[in-house]
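Quick note: the coordinates plus some simple rules give every number you see, no bench work behind them. Only a predicted model underlies this, so the values are computations on that prediction, with no experimental measurement involved. Cβ: placed from backbone, ideal geometry, glycine included. Neighbour counts: every protein chain shown.
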Amino acid sequence: MFKKINNWHLSLMIIIVSVLSVSLIQQYAFAQWSPPSTAPGGSAINHLVVTPMSENLNLNGSTIVDPGTDANFSIDPAGPIGITTKGASFDGDVAITSGNELCFDSDCRDWAELVASIGPDTDWTESGSDVYRLSGDVGIGLNSPDYKLHLYDGTYTLKFDGNEILHPEASPLYVRSGADIKFEPDALSSKVTFKSSGYVGIGTESPNKNLHVFAEAANAEIDLQSGSALTHWGIYQDSSNEDLYFWNDDNRVIFTNEGRVGINKPAPNAMLDIEASGVSAIHAESANASYHPISGENSASLGTAVLGQGYYGVRGESTISGGSAIYGNQSSGAYAGYFTGNVKVANNGTSIGYFQFNVVTADPPSSDCASVYDRGKAVFNTTTGELIICNFNKTIGTDWDRFERAIELP
């Protein structure tokens, strides 16, 4: 009987202790955990929310894993790799080991090793808000640049270097601006300026015409050259005056600011001043009988329309039958030709030279021999066969001297 009572009593004690233990565990659990108000992605029985944890989470040698997905995720403090993940969306393992190493696949580095392997950024350097590099080439649109800046859009290439802009394709290169375009080799002045009006200035930022070349303290010059073996032609304005020069080994043509033109004459003394050596100074031709190769006009009293100086001041050669080497027309003037020295008519080597007078059929009027300025006028009267020469005499007035012809032609 005693034995039975003791067994029963023991059973009752076990039940009481169990109830008390459950009550204590429930109170402790309720102090640490509470069910979520809403299930985050599933039923409430599959999730716990820490609010907050007052003690460390002790895995007691176990791991946190997620075998239900395509990725193997685990936290295993006791293992060789503390945190690891690998799945279809990764190319390899990414892990943090218990030795504070970051691993990519099997390549694990601690922080010092990572810094040493990465090293400083030697390509780009920051300076305030600026970024720059001191070496190498930069490519945009391609991975093999061969200039400091190499741009490629899939069709055309544009290359920039320290002293060159290269556009190798056979296509237009457009440089556009809403205002002027200036090329400045230094920060002091613009050497070439393209105005929005279309004017181009070389040496000036304010071109006044389509092309304006300016030099402050030297000759403003444009050079033209066809082939390296040829001497260039230079067109320039002398900085010491306002004259315009055409140069080829020497000043060949000069236009003065007074309107004079000198050909091989640095300082022309006439409106057209030509100095020739070994060639004719002027050669003029006309294929129209109504026009003259050379036409001179002087409207002043005693003025000269054409003046020739030299061994032969004026030389004329007639190459057409019936023509004249030199032709003068009196018009309203006093003389068709005027000579202040001797006049010589000579053979030209193939024919006899003659001095031929004008022919008339009647005696000239007395008014043609009315002053001393008419002395020496002569005509040949074909009716009488006489050569009539004016010999004006103030005493007796008109005086025509008559000479019989010495030779009578059949």
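Of note:
- In order through the range 272-282: 3J(HN,Hα) via Karplus (6.51 cos²θ - 1.76 cosθ + 1.60), integer Hz, x for Gly, Pro: 10, 10, 10, 10, 10, 9, x, 9, 5, 5, 9
- Estimated FRET transfer efficiency when R0 is 25 angstrom, pair SER324-ASN347 (beta carbons, to 0.05): 0.90
- Sequence of TYR311, TYR354 once ranked by neighbouring C-beta atoms within 10 Å, starting from the fewest: TYR311, TYR354
- Residue among GLN309, GLY353, GLN330 farthest towards the positive dipole end of the range 298-397, charges placed on Cβ: GLN309
- FRET efficiency for the pair ALA170 and ASN210, taken as 1/(1 + (r/R0)^6) with r the Cβ-Cβ distance and R0 = 22 Å, rounds to 0.20.
- Mean Cβ count within 10 Å, highest first, over the residues of peptides 219-229, 198-208: 198-208, 219-229
- Restraint check, LYS148/LYS209; LYS148/LYS195; LYS159/LYS195; LYS159/LYS209; LYS182/LYS265, Cα-Cα greater than 31 Å: LYS148/LYS209; LYS159/LYS209; LYS182/LYS265
- In this rough spin-label picture, where each label sits 7 Å from Cα along the Cβ direction, the SER196-TRP233 distance is 3.7 nm.
- Placing R0 at 25 angstrom, the Cβ-Cβ distance between ASN264 and THR304 gives a FRET efficiency of 0.65 after rounding to 0.05.
- Placing pseudo-labels 7 Å out from each Cα toward the beta carbon at ASP107 and ALA378 gives an inter-label distance of 12.1 nm.
- In plain terms, the chain from ASP123 to LEU272 could stretch by 46.6 nm, reckoned as 0.36 nm per residue minus the Cα-Cα distance.
- Fully extending the segment from ASN248 to TYR338 would add 28.4 nm, taking 0.36 nm per residue of separation and subtracting the current Cα-Cα distance.
- Taking each residue as 0.36 nm, the span from LEU114 to VAL314 lengthens on full extension beyond its C-alpha to C-alpha distance by 61.9 nm.
- The spacing between the range 253-300 and the range 173-219, judged by their C-alpha centroids, is 38 Å.
- Protection-proxy order for peptides 370-383, 160-173, 332-345, each taking the mean of Cβ atoms within 10 Å per residue, highest first: 370-383, 160-173, 332-345
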